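Structure first, commentary second.
The values are calculated or read from the model by the stated rules, or taken from the named source; none is laboratory data. Since the model is a prediction, treat every value here as computed from it, not as a measurement. Heads up, the Cβs are rebuilt from the backbone with ideal geometry, glycines too, and the neighbour counts pull from every protein chain shown.
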């Protein structure tokens, strides 16, 4: 008499149960990995814009571009983020020669928009309003909180 070999229904249910438990443990890790990726992109975007602002300020201080005489109270910082993209005419060159600091304004990965909160040089470090004289710092407008427990707007 030959016995057929195979998987019993009970073995199949036990295996499916184990797989379901493992899958439910992996799902939260996937969400954390996605959030971590967005946070990494936010850090890159903030670093890119802050570096561009610093390069603009250095160009004004070195006399490569006019900055302090453009707008009273600018302290040599750009008037807005668009100026970093459009560029500024260099001193002592043809009017069409511009020094650019950004290719584009990056999208905030937390809000999905290219809108950022800005602070002036004259503002308090934790200010949420912009005086519109210059851009000294940028921050995310997201109300979310990072994996490290710090709100994104404080990064």
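The table that follows gives values for the structure above.
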{"read-out": "Filter result (more than 17 Å from residue 50 (Cα to Cα) and surrounded by fewer than 16 Cβ atoms within 10 Å (Cβ to Cβ)) within segment 138-154", "value": "143, 144, 145, 147, 148, 149, 150, 151"}
{"read-out": "First in segment 10-31 and farther than 25 Å from residue 147 by Cα, second anywhere and at pLDDT below 85 and exposed (fewer than 10 other Cβ atoms within 10 Å of the Cβ), Cβ under 9 Å, 6 or more apart", "value": "15/7"}
{"read-out": "Members of segment 108-137 that are surrounded by fewer than 14 Cβ atoms within 10 Å (Cβ to Cβ) and either touching a residue at least 40 places away in the same chain (Cβ under 8 Å) or at positive phi (or both)", "value": "112, 122, 132"}
{"read-out": "Any hit, segment 14-36, residues being at pLDDT below 95, part of a loop (DSSP other than H, G, I, E, B) and loosely packed, with under 12 Cβ neighbours inside 10 Å", "value": "no"}
{"read-out": "Within segment 95-107, considering residues that are part of a loop (DSSP other than H, G, I, E, B) and in contact with a strand residue (DSSP E or B) (Cβ under 9 Å, 6 or more places away or on another chain), the one surrounded by the most Cβ atoms within 10 Å (Cβ to Cβ)", "value": "101"}
{"read-out": "Residue within segment 86-94 that is closer than 13 Å to residue 138 by Cβ and either modelled with pLDDT of 90 or more or surrounded by 18 or more Cβ atoms within 10 Å (Cβ to Cβ) (or both) present", "value": "no"}
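Yes/no matrix, rows are residues, columns are (1) touching a strand residue (DSSP E or B) at 6+ places or on another chain (Cβ under 7 Å); (2) within 30 Å of residue 32 (Cα to Cα); (3) in a loop (DSSP other than H, G, I, E, B):
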| position | (1), (2), (3) |
| --- | --- |
| 118 | yes, yes, no |
| 122 | no, no, yes |
| 128 | yes, yes, yes |
| 142 | no, yes, yes |
| 153 | yes, yes, no |
